[in-house]
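Q: Take a look at the following structure, please.
The values are calculated or read from the model by the stated rules, or taken from the named source; none is laboratory data. The structure displayed is predicted, hence computed values, not measured ones. All Cβ positions, glycine included, derive from the backbone under ideal geometry; neighbour counts span all protein chains shown.
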Amino acid sequence: MRSRSPPITPQSWWNWNRLCAGPSFWEFCYNLEFGTLSELRTMPTHFSDSNVRWDLTSIYSAISDPQIDLDIAEFTKQAQQFNLNYKGKLADTLSSAISDYSELDMLGGKIMVYLSLQQSLDVTNDVVKAKIAEVQRTMSQVQGEYLTFFELELVALDDETLERWYASDAVVQRHRPWIEHQRVFKPHFLSESVEAALTKRAPFGPESWDEFFDECEADLRFDYKGFEHKAEKKNLTEMLDILTNSKDADLRAEVQKTINEGLGGYFAKYSAQTLYMIVGKSAVERKERHYRNPMESRNKENRIPDAVVDALHNAVTNVAGPLARRYYRLKAELLGMKTLRWSDRNAPLPYADTTVVPYDSAMSTVLAAYASFSPTLSGIIQGFIRSKHIDVPATPGKRGGAFNCSLVLPGSRPQSYTFLNYLGSNHDVMTLAHELGHGVHGILAGEAQGPLMFHPPIAYCETASVFGEMTTFNFLRTQLAEKGDNPALLALITQKIEGMLNTVVRQIGFSNFERRIHGMNADYTKWIDPKKLSVEELDALWLTTAKELYGAEGEVFTYENASHLWSYVSHFHRPFYVYGYAFGELLTQSLYAQQFRLGSQFEPLYLDLLRSGATKSVFELLQPFGLDPTEETFWADGIRVSLESMISEAEKLAPIRTAADVE
Ligand SMILES: [Zn+2]
């Protein structure tokens, strides 16, 4: 259940990745970094109510629906026609080309999303797997053959032609943000023949090793010597699960050691070589495409200037790093330890809340929380319930984790599907709130912007989800505070703090490691050519970048048996993906704090922000709220209003221990 990194190909805005698993359709819940297999073993089986299972019949009646093949044939026909109608003629036909392109996007999305949703319900279903492989082959062939020209010709249009279109045509005018965003990459395109060759070669490039990497990782087996030293083989997810759920510190340390040893040897070597391929490919392509630095392409994709990304990294290092150390000192105290081992970082606290929340009450809580600041949003969620667009129970064969998938179906009908493995923990209640946030975002932006412009870039597609989670968190916090239930309140708050630390501090730690392997110097001030790094060098770099945020050896943590942990982070195969998590979280925390300042003015501004989808830069997005993300203080404030205030609250609630107790 570790988070998946949705694949993205920069400069390729309508590509296979996007159709099958790209950010446009898939938003996997990133907080599920450590799964809860032990919970699965005790999963409730009382979900007999069919209202908590997806009804996908508004897309297709079943996997055997003949309409699927008819739609694939139609997609192929439309793509051929598109090529005939518009190739070489875009300057005169732009408006109808965009309209037809939107139709293709909606039809392709309909087919692929349906198959992917079906697969999520039963990952072992070979019929679905075979169908997906078949459709992938057909559609990538069609796309490569007939649609590649469009992007290149679109960015090649001269300013005068475009201005004429903007002034005279409503469709083109409406799609201006989308067109302008494509044109940002104009200086970085290569010739058509080179681009076409690279597109065809893409499935065999280093990023596509990801799937194979996952297979290798899934094959990893660790010798687990649990209680009574009964030897047993476990996979990585099961081993990581013990680190999160076991209250036995020595067992956690032993498991950590076994994981680290198991990742060494062949796996670490393979992983090091994969990173070298990724970094090397990126370095060559960056020069050919005239990017100034290895991150520029991702930053442009995210519509964020390099300076803003730097400000984020600095603020997390300077402000959130010390707060992380402060929190883990408190955690050490609560666990009765002087220093934490790395294996204790995600350990459960002694008073962790184990109440099981029935799904109905979770939904009532989330609805009430959303309704408390926006009846519009809670209304949309009620629509999801009525149309059975939420798949709730954890059943055998289902994909792990949680996600939301929003799309615009043919006929410009926005739809949103939420996928859960609901087991009733407080964490699951937060996940529900999180995914429904993506859902309302998808519906509002889908209605306002249509298929080509509704999905915000990675860096701020987490806005509504994090916001919904915060709203629900505060709703629960207030309830518990009113009841005076301090242990439960402390459990809730520490869980939220740890989630935020994993999203903000840990991901920036990842990002720093990544920046270093792509050639950034040790004080993060300039880029140099990257070089091939051995496993030992990567180990050392990993520990260095962790210590920059979590403190020197012995300060808060000791880092034994943590050196190879970089080797299973598959996010590194999508260069510079991870900082988006910290960006989205902190941006939303700053935004969240504004609702108390703006009062009733807040809701309409917030709904407008959600409706804007992918049409605005981060400046335009935040300007109505009086926020400026170029300043390091913006990020520092985001950290203070959220992390720091929660840590202070946890410190006040924590049972007081004296130094003697800790000894
Ligand atoms: Zn999310």
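Q: Give the residue, chosen from ILE242, ILE278, ILE259, that is more than 30 Å from ARG137 (Cβ to Cβ), modelled with pLDDT of 90 or more, surrounded by 13 or more Cβ atoms within 10 Å (Cβ to Cβ) and of a type in the set (A, V, I, L, M).
A: ILE259
Q: Could you identify the single residue in HIS389, HIS441 that is of a type outside the set (Lys, Arg) and touching a helix residue (DSSP H, G or I) at 6+ places or on another chain (Cβ under 6 Å)?
A: One residue alone meets the criteria, HIS441.
Q: If you don't mind, another one. Assess whether ARG399 counts as being closer than 19 Å to VAL52 by Cβ and away from the ligand (no atom under 16 Å from the Cβ).
A: So ARG399 does not fit the description; no.
Q: Conditions: (1) of a type outside the set (A, V, I, L, M, F, W, C); (2) within 24 Å of GLY401 (Cβ to Cβ); (3) more than 16 Å from the ligand (Cβ to nearest atom); (4) surrounded by fewer than 23 Cβ atoms within 10 Å (Cβ to Cβ). ASN502 meets all but one. Number of the miss?
A: Of everything listed in (1) of a type outside the set (A, V, I, L, M, F, W, C); (2) within 24 Å of GLY401 (Cβ to Cβ); (3) more than 16 Å from the ligand (Cβ to nearest atom); (4) surrounded by fewer than 23 Cβ atoms within 10 Å (Cβ to Cβ), ASN502 misses just condition (3).
Q: Taking region 148-167, which residues are of a type in the set (D, E, K, R) and surrounded by fewer than 17 Cβ atoms within 10 Å (Cβ to Cβ)?
A: ASP158, ASP159, GLU160, GLU163, ARG164, listed by residue number.
Q: So, of the residues in region 447-482 that are in contact (Cβ under 8 Å) with a residue 12 or more places away in the chain, farther than 12 Å from LEU609 by Cα and among the small types (Gly, Ala, Ser), which turns out to be nearest to the ligand (Cβ to nearest atom)?
A: So the residue we want is SER465.
Q: Would it be correct to say that LEU251 is under 29 Å from the mean Cα position of the chain (by Cα) and under 30 Å from ALA332 (Cα atoms)?
A: Here the answer is no, as LEU251 does not meet what is asked.
Q: If you take the residues in region 419-437 that are crowded, with 23+ Cβ neighbours inside 10 Å and aliphatic (A, V, I, L, M), which one is farthest from the ligand (Cβ to nearest atom)?
A: The selected residue is VAL429.
Q: Given the criterion of a type outside the set (Asp, Glu), more than 23 Å from the chain's Cα centre (by Cα) and crowded, with 16+ Cβ neighbours inside 10 Å, identify the matching residue among PHE625, PHE596, PHE583.
A: PHE625
Q: Inside region 408-418, can you point out the residues that are buried (at least 23 other Cβ atoms within 10 Å of the Cβ) and either within 16 Å of the ligand (Cβ to nearest atom) or of a type in the set (D, E, K, R) (or both)?
A: Once the filter is applied, which keeps residues that are buried (at least 23 other Cβ atoms within 10 Å of the Cβ) and either within 16 Å of the ligand (Cβ to nearest atom) or of a type in the set (D, E, K, R) (or both), region 408-418 yields SER416, TYR417, THR418.
Q: Pick from region 49-105 the residues that are touching a residue at least 24 places away in the same chain (Cβ under 8 Å), among the aliphatic types (A, V, I, L, M) and closer than 30 Å to LEU420 by Cα: which of them is surrounded by the fewest Cβ atoms within 10 Å (Cβ to Cβ)?
A: Among residues in region 49-105 that are touching a residue at least 24 places away in the same chain (Cβ under 8 Å), among the aliphatic types (A, V, I, L, M) and closer than 30 Å to LEU420 by Cα, the one surrounded by the fewest Cβ atoms within 10 Å (Cβ to Cβ) is ILE63.
Q: Consider VAL440 carefully, then state whether it is of a type in the set (A, V, I, L, M), over 21 Å from MET106 (Cα atoms) and within 16 Å of the ligand (Cβ to nearest atom).
A: Considered against the rule, which asks whether it is of a type in the set (A, V, I, L, M), over 21 Å from MET106 (Cα atoms) and within 16 Å of the ligand (Cβ to nearest atom), VAL440 comes out as no.
Q: What are the residues in region 287-302 that are in a helix (DSSP H, G or I) and either closer than 27 Å to PHE634 by Cβ or without any contact (Cβ under 8 Å) to a residue 60 or more places away in the chain (or both), if any?
A: LYS287, GLU296, SER297, ARG298, ASN299, LYS300, GLU301
Q: Any residue that is assigned to a helix (DSSP H, G or I) and within 22 Å of GLN594 (Cβ to Cβ) - is there at least one of those in region 513-536?
A: No - not one qualifying residue is present in region 513-536.
Q: Run down SER99, SER61, SER95 and say which single residue is at pLDDT 95 or above and not in a helix (DSSP H, G or I).
A: Exactly one of SER99, SER61, SER95 is at pLDDT 95 or above and not in a helix (DSSP H, G or I), namely SER61.
Q: Taking TYR291 as the residue in question, decide whether it is out of contact with any strand residue (DSSP E or B) (no Cβ under 9 Å at 6 or more places or on another chain), buried (at least 18 other Cβ atoms within 10 Å of the Cβ) and hydroxyl-bearing (Ser, Thr, Tyr).
A: Yes: the conditions hold for TYR291.
Q: Checking the condition assigned to a helix (DSSP H, G or I), without any contact (Cβ under 8 Å) to a residue 12 or more places away in the chain and not hydroxyl-bearing (Ser, Thr, Tyr), which residue from GLU603, GLU649, GLU585, GLU620 passes?
A: So the residue among GLU603, GLU649, GLU585, GLU620 that is assigned to a helix (DSSP H, G or I), without any contact (Cβ under 8 Å) to a residue 12 or more places away in the chain and not hydroxyl-bearing (Ser, Thr, Tyr) is GLU620.
Q: Can you pull out the residues in region 403-425 that are closer than 14 Å to MET363 by Cβ and touching a residue at least 40 places away in the same chain (Cβ under 8 Å)?
A: TYR422, GLY424
Q: Next question. Given the options PRO322, PRO305, name the one that is surrounded by fewer than 18 Cβ atoms within 10 Å (Cβ to Cβ), over 18 Å from THR244 (Cα atoms), without any contact (Cβ under 8 Å) to a residue 12 or more places away in the chain and out of contact with any Pro (no Cβ under 7 Å at 6 or more places or on another chain).
A: Matching residue, one of PRO322, PRO305: PRO322.
Q: Among the residues of region 484-497, are any loosely packed, with under 15 Cβ neighbours inside 10 Å and out of contact with any Phe, Trp or Tyr (no Cβ under 7 Å at 6 or more places or on another chain)?
A: Yes; the residues of region 484-497 include at least one that is loosely packed, with under 15 Cβ neighbours inside 10 Å and out of contact with any Phe, Trp or Tyr (no Cβ under 7 Å at 6 or more places or on another chain).
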